[in-house]
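Right, one structure below, let's go through it.
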Amino acid sequence: MTVRNGRDYMVSPILKWPGGKFRLSRHVFDKIVEREEVYGEDWHVRTGQRYHEPFTGAGGMYLGFRKRGLLNSRKKTFLSDLSFHLSTTLEAIQGDSWTEVSGLLGGIKDDYLEALKTELEPRLRNGRPLEERFYYRKRKRFNELYDYIVNGSKSKPDVIEFAALMVFLNKVGYNGIWRVNSSGYYNVPEGESASYNNVHEHDKLREVHHALKDTVIHHRDWKESFRDVRRGDLVYLDPPYLPLEGSKGTFNQYSAVKFERRDHWLLASESARLVSKKGCRMIVSNHHTEEVVRLYSEAAEEESVRCDVYKIPKVHNVNRIGEGRVEINEALFFISNFT
Ligand SMILES: C[S@@+](CC[C@H](N)C(=O)[O-])C[C@H]1O[C@@H](n2cnc3c(N)ncnc32)[C@H](O)[C@@H]1O
């Protein structure tokens, strides 16, 4: 989707990613403007300052901030994530070979549409074993490539094919779900959607490529990302959501390693410490629950830094035992040394 913002076009992420924040970026930007107008604080990234996203995902917030003019520095932006699949794909789109990714993706889409003529509806076996279907053959190939690349055989054609398959599977897989098993293998079944228009979006790939050009992409844990932060920098944190008590449905397994409750506690205290020690500014997203608010407020108090929390209304499809769909608001924390 490419939406208009005044005269400008806003490019949205190329991948559907659980917890993606592209839509939320408008609300965050509104709060930034409010804080600047009401309190005289400066939350923009100015000359000499850098922007960091240690939990980049598909880059929804980065793309939103960039197009809204928040990032005005010529310094590099640091985009990091622990998902190997994601960082490898973003790097491939960032590089000059994005055109090859796009060409290959177009071919995969055409072959898929051709295959569907004989395979009939997605997910129907049509008398053939499931693994013979086009989608499952591509999924197998994707996992083979993952093995090659993760084990150090990083040939350019393999990476290009991996990135094209990542986009294809992400668009055609069941319900836009992203899931890997404990070995890191993608295991989402084929989707049932009859719309294949957004499988290959050449123009959007080009725009995302341009948006990623001035960034440094890292496959790494958030603790390593914190080491790059300097005085005056802006950090946006969007970790996996803290599981709700009694909820079965909060997704936290983006890669083979889960983000556990203890990781949230450590992240909150290290975040407040980073603001205090380095003098950076930080914005954090999570569910707006008593536990999350307490977590960040207490961590900020401990380090004597300022922490303001906002509640952004949002409905999440969270399955609480016996309650079905539950309304969960989004929390935004602004953590800083502003007085
Ligand atoms: C809520 S998503 C971020 C979504 C992103 N803001 C967007 O708009 O697409 C959380 C991300 O944290 C990443 N992640 C999980 N554990 C991590 C860790 N220990 N260090 C860095 N990233 C991690 C996941 O791979 C996932 O992409």
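Condition check ((1) surrounded by 23 or more Cβ atoms within 10 Å (Cβ to Cβ); (2) modelled with pLDDT of 95 or more) across all residues:
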site: TYR9; (1), (2): no, no
site: LEU24; (1), (2): no, no
site: GLU41; (1), (2): no, yes
site: ARG50; (1), (2): no, yes
site: GLY60; (1), (2): no, yes
site: ASN72; (1), (2): no, no
site: LEU79; (1), (2): yes, yes
site: GLU100; (1), (2): no, yes
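Just to verify a result, which residue in the range 168-199, among those that are outside any helix (DSSP H, G or I) and of a type in the set (D, E, K, R), is surrounded by the most Cβ atoms within 10 Å (Cβ to Cβ)? Among those that are outside any helix (DSSP H, G or I) and of a type in the set (D, E, K, R), it is GLU190.
Of the residues making up the range 154-167, at least one is crowded, with 16+ Cβ neighbours inside 10 Å, more than 17 Å from LEU15 (Cα to Cα) and assigned by TED's automatic domain parsing to the domain that holds GLY106.
The values are calculated or read from the model by the stated rules, or taken from the named source; none is laboratory data. None of the values given here were measured: they were computed from a predicted structure. Ideal geometry is used to build each Cβ from the backbone, glycine not excepted, and the neighbour counts take in all protein chains shown.
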